Every structure is written in structure tokens, then in C-alpha cells.
Amino acid sequence: MNPFRERELLLTRRQLFGRAATGIGAAALASLLNPALALASGTAGGVGPLTPHFAPKAKRVIYLFMSGAPSQIDLFDYKPKMKELHAQDLPASVRMGQRITGMTSGQARLQLMGSPFKFAQHGSNGVWLSELLPYTAKIIDQVSLIRSVHTEAINHDPAITFITTGSQQPGRPSLGAWLSYGLGSENSDLPAFCVFISIGTGNPNDQPLFDRLWASGFLPSSHQGVKFRGSGDRVLYLSDPPGVNRTTRRSMLDAVAKLNKITLDNFADPEVNTRIQQYEMAYKMQTSVPELTNFGDEPASTFEMYGPESQKPGTFANNCIMARRLAERGVRFIQLFHRGWDQHGNLKNGLAAQCKDTDQPSAALVMDLKQRGLLDDTLVIWGGEFGRTVYCQGNPDDVNSGRDHHGRNFCIWLAGGGIKPGVVYGSTDEFCYNIADKPVHIHDFNATVLHCLGLNHEKLTFPYQGRDFRLTDVSGNIVKDILL
């Protein structure tokens, strides 16, 4: 995007037709042969590539984000030796002077704590999984489990900002915004990027989440995520106020659009054009969202599959069904944030409660997509912002002990959308402290996600403040071994 060229195109019809004439025939043909593609081009605001750089395996993403950082050593990365070394000090040769958070840096000792949970092997490859994940165990042959993701961030806000936007500093576009910018939407009546937040029972007072985590940053604001709520209007201001009917609303929007058009003609500000588009989207959502959120057409077997909380709006299980319904309707990026994974204390009870919230619905989502023929082109991601320490926060024999933040390694699993099933990628040392093989940086992970959707992470860029920005900054390698 060249902002000067964009201004010229907005200012003069001659510039517009001179540039666009050669593409009118192709656009018309595309709209006849593939209406969804033509729609995607229109809703992306005319600023991104609009079509993939190469043939994609995935058309959409459902990102199950476990906010607070699930403990990899208690869920996915079995380390039996830690039982033998329980309550002993973490060797200095393992830590190698790496920085730790202020929550444990003042402790006299960093005592190792073996997992209090049992592990067993599952699936055709005998993958070790915690007893807390009985439903994930049933789908383990469908997923690629990465055990070697790592990040430089060791505190929640910069870590979540880093994995969702590619930078620890606020202000960059989120992954969903980049996909909306690059690929647009397949549904003109729903946003390309939708967000849900649920609160975990394992730590209901966990740290809050900021709207900038699904913001558009310096991209046009039409690409920001639209947050759905668990009660009342599922999207803010969805309902018309008393005394306002659809005819009145339509007349008001038409009048506002005319006023905005005057401003657009005078100043050629792309954000004014965005506002016009967003008003229209809001109007369409007044019809599309009630239909989306009405589960009356769902059979009883759906709720049985997703678990007992699935009929309660605002729960993670209910949001998983919403995610599947949005995927069916062509929404590009659906992100479910589930808070409460920050077990500095009460690890045993808190982590068990978090898994009870999420294990069954997460697995059900994968199975549901598969049985509906949607998993092949839907990429499902499950993971948090970093992992937890093998050493204890507090006394390892205290029933209320917990684990601190650990960015050196953590686990994420992916399924569908071009991901090779039944793969375990990467490994850690016997202390689950450092990566032993095949490290995957945050930029590598995001580059791989973009690749699944047919986007070259080095080419999906946006000029801002004198340089071309991208989600993966100046690095990133695709993790090819987990791809079909």
C-alpha cells in the first residue's frame, strides 16, 4: 500500500479508472466463477494481497488461547526424573544464569517439583499425556504437538502481546488482523475476525486481557477483532434502542454515510471509508448475529459432545460451539481466550479445574469439525503465551505450591488445515528447562500459521513510519516437519 497512491485513487475518478480498467474484466469473471473470492477482495478494504501467495491448505483459523500459561510439565512434557529429584535444587548448570521473574528471584532456593499428576501413553505413537487431558488423549492422533516453543518474554502482558502481534511492545496488528488484511472475509454479514473471552474456574481472578490484543494496530481499523459477549447483546449495541425500527435505522445510516462521504471526498482519509464500511457491517450483524447465536438448530448430541457447560453462554464450551458455527459461515479468524491458567499457587486444584473447563470442548471441536468435513481447511491451535517452571514457587511439599513463568520452552498443539497429524515435534532436557532439539520461536510459529493459509510471512507487509512491517518482524522459519 502506497498512501499517496491511495489518496490519488480516492481523489480522482480518472486515476481510479486508469489504474483499475485492466482489472475490471478479471474481477467480473472472478465474481462469476468464485463469488466467495470476489467477496473477500471487497471486504478486505483493497489494501492487502486479497488472494493467497500460494495454494493454501487452510481457509480459516480457530485459535484456542489459554491465557495465563498452561504448565507444559504437568500436561504435555512428561519428565519422570523430576519425581526422583523432588525438592532438590535446580542445578546452576541447567539454569545457566537465565533471568527469572521477581516472584521467585527472592526465594532462598529453587526447588524442583515433580508433577503431582499421572501420565500415560496415548495414540498410535504412544504420546505421553497427563491424566488431566482424557479427551485430548482421544484426538492426539489428529494433532501435531510442538514441545519446543520458546519466547523472550517472561511476564504475561508482553508475552501475550508478543505471541498475538509479533512484538512485545503494544501497537502492532494482531494475527487475526493480519489475516483479515491479507485475505479478507468470505462472509459479508459477519466480521472476518471474532473474539470470545471466558473465565476459568481454576483462577477466576486471573489477570485481565486488553482489547489491543485483537486490535488492528496500524492497519485499517476494519481489520480489528469484534468481541462477542457472554450475556446481554452478544455484541455491544447490537439491539436498536426503544422506538427505533429497522427502517429508521436504515435511514439514519444512509444519512450518516452521506455525511461521511463528504468528509472522505474532502480529506481522502482511509479511516473514514473504514467507518462507512463498519456502520454497514454493524447493520448486517443485527440480523446475522442473532441467527448465529441461536442454538435451536443444534441437536442434543452436540451439547453432549461439548460437555455440560456447552449450553451456558459465555463458557469456553459454549464459545467452542460458536467458533464452529462461525467457521461454517466462512469467518476467517476466531480466537477464544480462556483466562485462569496462572497457577503460581494451588497448582494441583487450579490446573485440574482449568483442564475440566477446556479439555472436553477443545477435543470436541476438533472431532466436530472433522465429522462435518471442515477440519481439512480449518486450522485449530491450542496454547498459551509461555510455560511454567520445573522449580516450585513456595515449598514443593506444600499443598498450595505452584509454578512460576517459564519462557524457555512450552507446548502448543495444532490440528487440521494442512497440519500433519500424529506428530510430536521438538524436545526438552530432562529438567524441562531448556530445549534439547528443534526449537520453535514465536516468529517461527506465526510464520507457519500464515503458511498454512497460503501467505508468505515475508511478503505480507504494511508500510508504517518509514519501514515495511510484518507479523514476524525480521525473522521466522516455517516449521515444515509438521506440515502435510
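The values are calculated or read from the model by the stated rules, or taken from the named source; none is laboratory data. Please read these numbers as outputs of a predicted model, since none were measured by experiment. Because the Cβ atoms are built from the backbone with ideal geometry, glycine has one as well, and the counts that use them run over all protein chains shown.
For region 88-96, the criterion of being crowded, with 19+ Cβ neighbours inside 10 Å and hydroxyl-bearing (S, T, Y) is satisfied by no residue at all. Within region 210-233, restricting attention to residues that are buried (at least 19 other Cβ atoms within 10 Å of the Cβ) and part of a loop (DSSP other than H, G, I, E, B), the residue that is nearest to the chain's Cα centre (by Cα) is G225.
For region 367-386, the set of residues classified as crowded, with 24+ Cβ neighbours inside 10 Å and not in a strand (DSSP E or B) consists of L369, G384, E385, F386, listed by residue number.
Taken over region 471-484, residues that are at positive phi and without any contact (Cβ under 8 Å) to a residue 60 or more places away in the chain amount to 1. Taken together, the residues in region 108-118 that are touching a residue at least 40 places away in the same chain (Cβ under 8 Å) and out of contact with any Lys or Arg (no Cβ under 6 Å at 6 or more places or on another chain) amount to 6. Exactly one residue among E304, E271, E280, E309 is charged (D, E, K, R) and under 24 Å from the mean Cα position of the chain (by Cα), and that residue is E309.
Criterion applied to G345, G340 was being surrounded by 24 or more Cβ atoms within 10 Å (Cβ to Cβ) and touching a residue at least 24 places away in the same chain (Cβ under 8 Å), and the one residue passing it is G340. Out of all the residues in region 175-184, is one or more over 16 Å from V449 (Cα atoms), of a type outside the set (G, A, S), out of contact with any strand residue (DSSP E or B) (no Cβ under 6 Å at 6 or more places or on another chain) and touching a residue at least 60 places away in the same chain (Cβ under 8 Å)? The answer is no; no qualifying residue exists.
Residue-by-condition table, conditions (1) among the hydrophobic types (A, V, I, L, M, F, W, C); (2) in contact with a strand residue (DSSP E or B) (Cβ under 6 Å, 6 or more places away or on another chain); (3) not in a loop (DSSP other than H, G, I, E, B):
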{"residue": "K57", "(1), (2), (3)": "no, no, no"}
{"residue": "P70", "(1), (2), (3)": "no, no, no"}
{"residue": "A87", "(1), (2), (3)": "yes, yes, no"}
{"residue": "R99", "(1), (2), (3)": "no, no, no"}
{"residue": "G102", "(1), (2), (3)": "no, no, no"}
{"residue": "S115", "(1), (2), (3)": "no, no, no"}
{"residue": "A120", "(1), (2), (3)": "yes, no, yes"}
{"residue": "N125", "(1), (2), (3)": "no, no, no"}
{"residue": "L132", "(1), (2), (3)": "yes, no, no"}
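Rundown of residues vs (1) modelled with pLDDT of 95 or more; (2) surrounded by 18 or more Cβ atoms within 10 Å (Cβ to Cβ), yes/no style:
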site: S130; (1), (2): yes, yes
site: I139; (1), (2): yes, yes
site: T164; (1), (2): yes, yes
site: Q169; (1), (2): yes, no
site: L179; (1), (2): yes, yes
site: G184; (1), (2): no, yes
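Comparison of D404, D468, D397 shows that the only residue that is touching a residue at least 60 places away in the same chain (Cβ under 8 Å) and surrounded by fewer than 21 Cβ atoms within 10 Å (Cβ to Cβ) is D397. Comparison of S310, S288, S362 shows that the only residue that is surrounded by 16 or more Cβ atoms within 10 Å (Cβ to Cβ), in contact with a strand residue (DSSP E or B) (Cβ under 7 Å, 6 or more places away or on another chain) and hydroxyl-bearing (S, T, Y) is S362. Residue check: V331 meets all listed conditions (1) in contact (Cβ under 8 Å) with a residue 24 or more places away in the chain; (2) in a helix (DSSP H, G or I); (3) among the β-branched types (V, I, T) but one, namely (2). Answer yes or no as to whether A192 is aliphatic (A, V, I, L, M), buried (at least 19 other Cβ atoms within 10 Å of the Cβ) and in contact with a Lys or Arg (Cβ under 7 Å, 6 or more places away or on another chain). Yes: the conditions hold for A192.
Confirm whether L236 is farther than 18 Å from P313 by Cβ and either surrounded by fewer than 17 Cβ atoms within 10 Å (Cβ to Cβ) or not β-branched (V, I, T) (or both). Criteria not met by L236. In a strand (DSSP E or B) and among the small types (G, A, S) - does that describe any residue in region 392-401? No, region 392-401 contains no residue that is in a strand (DSSP E or B) and among the small types (G, A, S).
Screening G225, G296, G230, G314 for residues that are without any contact (Cβ under 8 Å) to a residue 60 or more places away in the chain and either touching a Cys at 6+ places or on another chain (Cβ under 7 Å) or not aromatic (F, W, Y) (or both) leaves exactly one candidate, G296. Mind listing whichever residues of region 241-266 are of a type in the set (S, T, N, Q) and either in a helix (DSSP H, G or I) or under 14 Å from E280 (Cα atoms) (or both)? Matches in region 241-266: T247, T248, S251, N260, T263, N266.
Residue by residue, here is whether (1) over 21 Å from the mean Cα position of the chain (by Cα); (2) of a type outside the set (V, I, T); (3) within 20 Å of S71 (Cα to Cα) holds:
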site: G314; (1), (2), (3): no, yes, no
site: A317; (1), (2), (3): no, yes, no
site: A327; (1), (2), (3): no, yes, no
site: L336; (1), (2), (3): no, yes, yes
site: Q343; (1), (2), (3): yes, yes, yes
site: T389; (1), (2), (3): yes, no, yes
site: P396; (1), (2), (3): yes, yes, yes
site: R403; (1), (2), (3): yes, yes, yes
site: G417; (1), (2), (3): no, yes, no
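If we scan region 10-33, do we find a residue that is in a helix (DSSP H, G or I) and either modelled with pLDDT of 95 or more or under 23 Å from the mean Cα position of the chain (by Cα) (or both)? There is no residue in region 10-33 that is in a helix (DSSP H, G or I) and either modelled with pLDDT of 95 or more or under 23 Å from the mean Cα position of the chain (by Cα) (or both). Looking only at region 154-169, filter to residues that are over 14 Å from S67 (Cβ atoms) and not in a helix (DSSP H, G or I); which one of those is nearest to the chain's Cα centre (by Cα)? Per the criteria, the residue is G166.
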